[in-house]
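Down below is the structure, laid out as structure tokens.
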Amino acid sequence: MELSEHDRSQTDFQDFLGLLRAELSDVTNEIVTEIRQGIPEYDRPDPAYEQTLRLCADILLPTFLDRVADPDASTAQRDETCRALGRFEAIEGRTLDHLQAAARIAFHVAWRRTAIVAEREQVPTSVVATAVDAMLIYLEESVAQARLGYQQATGHADVRRREERRRLLHLILQRPAVVPEAIEDLAKATGWWPLPAEATLVAVHPEAPSTRSALDTDVLTDFDSVEPCLLVPGPLTADRLNMLRAALSDASCVLGLTLPLERATHSLRWARRVLNLAEEGVIPDGSLIPCQNHLMTMWLLSDPPLIEELTRRHLEPLRDVSDGQRKRLVETLAESVTTRATAVDIGERLKIHPQTVRYRLRQLEGYLGDSLEDADARFSLDATLRAASLYGRRRRRRKA
């Protein structure tokens with residue numbers, strides 16, 4: 001019974017694959033030789049490199065022929081081999097460029113030998129074309145698997161690196177402080193070396209959005225904790241500020257003070273307190289709030305019970321006046337001791353007549369006596385009234 005054209009073509013194709021299989025040993029040698037000649041990174045004195053190249057060729061070339069002969073044949077061995085190659089490149093710290101170049105060299109060697117065999121054995125052009133198309137598909141699938149292995153390896157490395165840097169950040173901020181040698185050893189292990197003499201901590205609201213990819217690679221971060229933060233080595237230069245704007249432009253956050261590394265925990269502690277003040281409405285909320293602009297506010301509100309006691313003591317002489325009169329007198333007193341302005345200026349601030357200001361000041365002199373002329377008493381009264389005003393703002397905000 002005469003074979004159909006399709007059957008003859010399939011027979012010719014299978015016969016051609018048999019001819020190519022007989023060439024595998026020589027093709028493997030050529031591939032290894034040309035890759036080592038064309039890619040210096042793979043031409044190492046270490047025999048492991050040549051063994052790896054030869055092993056991969058010994059696996060991938062027969063697997064290609066098996067797959068072409070039987071489209072249902074398993075690709076598990078090929079896929080794992082290619083993924084292993086991708087992981088190896090990642091571990092070696094290279095991109096996939098060299099591996100892709102090696103794949104192209106292997107393809108050209110295989111195509112060249114295919115053409116030689118086809119010409120020698122008078123193989124039909126259609127059969128050769130089918131084989132070459134299969135080579136290209138196989139090459140593309142193999143590179144895709146190598147890329148997957150590379151991504152898996154780099155992904156695991158990135159996770160490990162981020163965790164190591166997070167540990168380093170926590171070690172720097174730990175209290176009581178650890179010995180400097182422990183920080184130095186971990187810094188070397190993470191690749192973040194040398195340690196800076198100074199650092200700036202940034203406190204970030206837990207729900208604030210961020211673009212972490214915009215951060216410089218030497219910035220230590222912990223965005224996963226209850227109180228997120230990051231550490232910027234050194235002072236906040238113009239470039240560093242631009243970097244933070246790109247990463248935290250929509251985030252409620254506070255820029256801490258630049259301090260020596262061993263005191264970095266104070267920078268973060270103060271930044272977090274200022275962030276709390278912003279959340280409470282004591283100061284305006286926003287992104288990249290400079291902690292240094294609110295040091296006095298933070299200090300004045302550091303001990304609310306003490307503020308209440310100082311206020312009670314300073315204003316004790318006013319205990320018998322009505323609430324309305326007391327409020328007006330304290331308002332005028334605060335403007336007088338904090339600004340030392342004239343009655344005219346105080347009147348403009350309070351939107352009352354200067355004569356009313358003078359009348360109230362005479363009343364205050366009667367209640368408070370000579371304390372308004374004492375420099376120390378005046379300073380204490382000034383600080384107390386400022387703190388009381390801020391404390392009142394905080395309480396009103398909490399009630400709202």
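The values are calculated or read from the model by the stated rules, or taken from the named source; none is laboratory data. Every value quoted in this text rests on a predicted model; they were computed, and no experiment measured them. Glycine gets a Cβ as well: all are built from the backbone with ideal geometry, and neighbour counts include every protein chain shown. Areas reflect the complete protein model, heavy atoms only, side chains present, ligands, DNA and RNA absent. Shrake-Rupley method; radii C 1.70, N 1.55, O 1.52, S 1.80 Å.
Odds and ends about this structure:
- Dipole magnitude (debye, nearest 20) for the chain, charges at Cβ of Lys, Arg, Asp, Glu: 3180
- Given R0 = 35 Å, the distance between the Cβ atoms of Gln174 and Gln152 translates into a calculated FRET efficiency of 0.60.
- At R0 = 45 Å, FRET efficiency that the Cβ-Cβ distance of Leu136 and Ser225 yields, to 0.05: 0.35
- Region 33-73 and region 227-294 have Cα centres separated by 53 Å.
- Axis of helix 125-173 versus longest Cα principal axis of the chain: the two differ by about 30°, to the nearest ten degrees.
- Here the extension length gained between Asp376 and Gln292 equals 27.7 nm, from 0.36 nm per residue of separation less the Cα-Cα distance.
- In this simple spin-label model, placing a label point 7 Å from the Cα along the Cα-to-Cβ direction at both Asp58 and Arg393 gives a separation of 7.7 nm.
- From the coordinates of this entry, Rg/Rh (Cα atoms, Kirkwood Rh) is computed, and it appears in (i) 1.34; (ii) 0.99; (iii) 1.04 under the label (i).
- Using the 1.4 Å probe convention, the accessible area of region 68-162 works out to 56 Å² per residue with neighbouring protein chains retained.
- Taking 0.36 nm per residue of separation and subtracting the Cα-Cα distance, full extension of the segment from Val344 to Ala214 would add 41.5 nm.
- Note on Asp70 and Asp285: the model spin-label points, each 7 Å out from Cα along the C-beta direction, lie 6.6 nm apart.
- Straightening the chain between Arg313 and Arg245 buys 19.9 nm, computed as 0.36 nm per residue apart minus the Cα-Cα spacing.
- Solvent accessible area, Å² - Trp299, 1.4 Å probe, full protein context: 140
- With the simple spin-label model, which puts each label point 7 Å out from Cα in the Cβ direction, the His108 to Asn29 separation comes to 2.1 nm.
- Normalised contact order of region 121-246, rounded percent, pairs of Cα under 8 Å and 6 or more residues apart: 20
- For the chain, the fraction of 1.4 Å probe accessible surface lying on carbon and sulfur atoms is 51 percent.
- The mean accessible area for residues of region 247-351, using a 1.4 Å probe and ignoring ligands and nucleic acids, is 52 Å² per residue.
- Region 107-151 - Kirkwood radius from inverse mean 1/r over Cα pairs (Å): 11.6
- Net charge over other residues, Cβ less than 11 angstrom from the Cβ of His205 (K, R count +1; D, E count -1): -4
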